[in-house]
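Read the structure below first, then the notes.
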Amino acid sequence: MDGATENRPVYLGSDFLKARPARNPYVSWKRTRKGFVIYTRGKKISLDGIGSTVWEACDGRRTVEDIARILNEKFAMDVGEAERSLSIYFEQLVKKGLVFLGFGETQATAEGPPRNGTPPTPDESAVFCGYCGAQNSGISNYCLKCGQRLVK
């Protein structure tokens, strides 16, 4: 695959509103007085009120449509505006490997931060796709299930 393919936008699909986002269980995070802080690859990402609301709602049970309604109720956002904003926000979260989007009736729920404060170490020969959650070989650069570039 060429270099241009690596930077292509993530296509979230026509059923995006029915997707069930779940936090990546290998990413550690904590709640603060101001919102949530995510720790990934040696970086600290502080979320604002809207971002924290979305992060908290990414439990694998709620759909994107449900999250848009939560934003409508909590922040008086127009539902259509919330859906458009979520498509951009989830594209970023998926690319960074922070959230998985599950499509279908059931989705395993994301668990909170690891109990000991450090993420569990996955099998080093396995890489999980940030888009579909499929397990891939550590030598793969692209997901065998959905074709997205793997973040290692």
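The numbers here are math on the coordinates, done by the rules we state, and not lab data. On a predicted model such as this, the values are computed, not experimentally measured, just so you know. Cβ: placed from backbone, ideal geometry, glycine included. Neighbour counts: every protein chain shown.
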For segment 38-43, in order, what is each residue's ³J(HN,Hα) by Karplus, 6.51 cos²θ - 1.76 cosθ + 1.60 with θ = phi - 60°, in whole Hz (x at glycine and Pro)?
10, 10, 8, 6, x, 10
Set the bar at 21 Å for Cα to Cα. Now go through Lys18/Lys95; Lys74/Lys95; Lys18/Lys43; Lys74/Lys96; Lys34/Lys74 and name every pair that lies beyond it.
Lys74/Lys95; Lys18/Lys43; Lys74/Lys96
So how far apart, in nm, are the two label points at Glu81 and Tyr26 if each is 7 Å from Cα heading toward Cβ?
3.8 nm
Each label sits 7 Å from Cα toward the beta-carbon; between Lys95 and Ser46 the label points are separated, in nm, by 2.4 nm
Amide H proximity to Phe128 below 5 Å, modelled H, separation 5+ or other chain, gives Asn136
Between Ser28 and residues 5 or more places away or on another chain, which pairs have amide H atoms under 5 Å apart, with H built 1.01 Å from N, and which residues are they?
Tyr39
